[in-house]
1. Two decimals is fine: what's Rg over Rh for the chain, C-alpha atoms, Kirkwood radius as Rh?
2. Rounded to the nearest 500, what is the 222 nm mean residue ellipticity of the chain from helices alone, with -39500 (n - 2.57) per DSSP H run of 4+ residues and division by all residues?
């Protein structure tokens with residue numbers, strides 16, 4: 001798959017993920033799961049964008065630790 005097609009598909013996917021985070025059309029019992037998962041994937045995308053821009057290398061150790069905790073807070077059972 002060429003890079004232009006990959007980029008287009010990636011943009012479509014990330015756009016859909018952002019929509020899912022705000023969507024309320026799913027049954028109430030599934031809403032929290034879809035919203036949390038979409039927000040997590042948004043954070044993954046945000047981190048990827050920072051990495052591609054070289055911004056992660058400039059982060060302090062404290063900032064990196066905070067981001068890492070945010071990724072694992074759901075399994076650690078703690079809110080930051």
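1. Looking at the chain, the ratio lands at 1.04.
2. Theoretical 222 nm ellipticity from helices: -26500 deg cm²/dmol.
FYI, it's all coordinate maths here, none of it is from the lab. Treat the numbers as computed from the prediction; the structure is a model and nothing was measured.
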